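Student: Here's a structure for you.
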Amino acid sequence: MTKTRIDLGLKLKSKATTERLGNSGPFGSMCIHRVQLTSTEEVDLELVGWLKEAY
């Protein structure tokens with residue numbers, strides 16, 4: 001998390017990385033993917049679907 005962004009870590013084994021669904025980087029094995037959020041408008045149906053799939 002920064003002053004302008006929240007990094008949401010997800011573990012989606014069957015998903016390839018994309019521009020939005022990036023590699024988790026330093027999160028290690030706990031999360032495979034990372035979505036960087038800078039505004040509440042970025043919480044959309046695609047992200048909610050990923051959250052449901054991950055958990």
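The values are calculated or read from the model by the stated rules, or taken from the named source; none is laboratory data. All values derive from a computational prediction rather than experimental measurement. Reconstructed Cβ throughout: ideal geometry from the backbone, glycine too, with neighbour counts over all protein chains shown. Accessible surface is based on the protein model in full, side chains and every heavy atom, while ligands, DNA and RNA are left aside. Shrake-Rupley method; radii C 1.70, N 1.55, O 1.52, S 1.80 Å.
Student: Within segment 32-55, how many residues turn out to be open to solvent by 60 Å² or more (accessible area, probe 1.4 Å) and assigned to a strand (DSSP E or B)?
Tutor: Number satisfying all stated conditions: 1.
Student: Now for a different question. I'd like the full set of residues that are touching a Lys or Arg at 6+ places or on another chain (Cβ under 6 Å) and under 19 Å from Arg5 (Cα atoms), limited to segment 22-55. If you could, list the steps in order and put the result at the bottom.
Tutor: The initial filter retains those residues of segment 22-55 that are touching a Lys or Arg at 6+ places or on another chain (Cβ under 6 Å), namely 22, 24, 31-32, 36, 38, 54.
Gly22, Ser24, Cys31, Ile32, Gln36, Thr38, listed by residue number.
Student: For the structure I just gave you, tell me whether Lys13 is open to solvent by 40 Å² or more (accessible area, probe 1.4 Å), at pLDDT below 90 and not in a strand (DSSP E or B).
Tutor: Here the answer is yes, as Lys13 does meet what is asked.
Student: Here's another thing I want to ask about it. Filter segment 16-30 for residues that are open to solvent by less than 60 Å² (accessible area, probe 1.4 Å) and under 17 Å from Gly49 (Cβ atoms) and give the result.
Tutor: Once the filter is applied, which keeps residues that are open to solvent by less than 60 Å² (accessible area, probe 1.4 Å) and under 17 Å from Gly49 (Cβ atoms), segment 16-30 yields Leu21, Gly22.
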